[in-house]
1. Using the Cα centre as the reference, give the magnitude of the dipole from point charges on the C-beta atoms of segment 203-358 (Lys, Arg: +1; Asp, Glu: -1; all else neutral), rounded to the nearest 20 debye.
2. Per residue of segment 320-329, in order, report the coupling 6.51 cos²θ - 1.76 cosθ + 1.60 (Karplus, θ = phi - 60°) as ³J(HN,Hα) in whole Hz, putting x for Gly and Pro.
3. Mind checking the dipole of segment 62-207: about its Cα centre, +1 per Lys or Arg Cβ, -1 per Asp or Glu Cβ, Debye to the nearest 20?
4. Give the lysines whose C-alpha is closer than 17 Å to that of LYS115, dropping any in the same chain fewer than 8 places away, or say none.
5. Pop the C-beta distance of ILE298 and GLU169 into the FRET formula with R0 = 45 Å and round what comes out to the nearest 0.05.
6. Using only Cα atoms and rounding to the nearest 10 degrees, what angle (0 to 90) does helix 115-132 make with the longest principal axis of the chain?
7. With a sphere of radius 12 Å drawn around the Cβ of GLU263, what net charge do the other residues whose Cβ falls strictly inside it have (Lys, Arg +1; Asp, Glu -1)?
8. Please give the net charge around VAL57, taking every other residue with its beta carbon less than 14 angstrom from that of VAL57, where Lys and Arg add +1 and Asp and Glu add -1.
Amino acid sequence: MTNPVKVSRQVSQSVVMQAIAQDGPISRASLAKQIGLSKQTISEVVKQLEKNGWVKVTGQTSGHIGRTAVTYEVNPTSTGIIVVDLGGTKVRAVVVDLVGNITSDLTEPTDPVGKNAVIDQIIRMCKSVTNLSSIDNELVKLAVIGVPGVPDFMTGAIKVSPNISGLDEINVTELISEALGLEVVLENDVNLAVLGEQWLGDDDSEFGLDNLVFISLGTGIGAGIIINGQIVRGVDGSAGELGFLPFGSDATSKDALHAGAFENAVGTDAIVKLYKSKTGELKNVKEIFNIARLGEPIASEIVSEVGFSLARAIAAITSLINPEKIIMGGSIGRQDILINAIKKHLPKFMKQSPAVTASTLDGNAALIGGIAIGLEQRHATLFAPDMGNAMVTQFPAPNKVNFLGGLKNEN
């Protein structure tokens, strides 16, 4: 049975820590006024947090009639988190401190062999990026890994990952956790992306970013869904696998059962093949979009066709969950010419449609989402272990301009 006094202490500690992270440097008097706890309780909690190295004194602020008050802020280097964004073409690993600052950063092409070769690559990169960080290796206790597929939380495998072979045959979580000696959290990369948008994206909507869909289109296609502020995973984590929508190409073909009928119609390979079938020329997607911008008829026609297919998918999504905003991301999805095509075709499918915008996170949405849940997970473990994530509503987001300015775009 949980000790109620211990839980009460953890609640106070968690609330104080979040307030310092959000508003620091801040004095104990200001904390008491803001949180509603007594000055004695605040003093005891802050004293313990300072003793354990989680917060530090940053200076003094003038009070009434010449009095001064000591101010506190989070000690950022008191712990570290590894965040990995695993993609079909590249792997990126960073270490962040307790307030989300990136302290080291590595990117490599994804090992084409897949399976254990990719796991070995992730382990090696995690060790390297930790050694490069200014945070003591012993203080790095958690790794959050975004994966292009559906994590099976029972087996540790990654299902529905057609662009990296063999991940459904091994316990990814266990292999990485044992090699690094860390707690490992796996999450679908598009789920991380929608969480990144909710945490740090443009909140210009009437109701906030509580009913949101992030569609990532590149090599493959997937969606992250937030309804009433909560991520939607479905019964086995497969919610948002848009590639398997049964239209765009033959939904009963062998290829469709592997990668999905819709992905076979709008993904990178589909666009390249479609252009070649119409012109006899082999061009990559970037080249096709570039010449479409210049008005080349066949390329423009293909962009319009892909926009039509995406508009139909958005109409299907909207009819089911009624989001306020659709955010387009991925190397193809956030292209302005494609978003314009989607907006042009949407009225053909519905009278009222959600706003459709490009991600403003410069291709870093999944990485930012991984940082967000890593901070929440680490905070809950450190300051409210008996409360799980119940006391951590959402860790304070950093200043967007400063954060993105220091975050190199690796897309």
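Just so you know, all these numbers are worked out from the coordinates, no wet-lab data involved. What you see is a predicted model, and the numbers here were worked out from it, not measured in a lab. Cβ placement follows ideal geometry from the backbone for every residue including glycine, while neighbour counts extend to all protein chains displayed.
1. So the magnitude is around 360 debye.
2. Whole-Hz 3J(HN,Hα) from phi for segment 320-329: 8, 10, 6, x, 7, 9, 10, 9, 9, x.
3. Charge dipole of segment 62-207: 400 debye, to the nearest 20.
4. Leaving aside lysines fewer than 8 places away in the same chain, those within reach of LYS115 are LYS90, LYS159.
5. 0.65
6. 40 degrees
7. Charge balance near GLU263 sits at -3.
8. Cβ neighbours under 14 Å give a net charge of +2.
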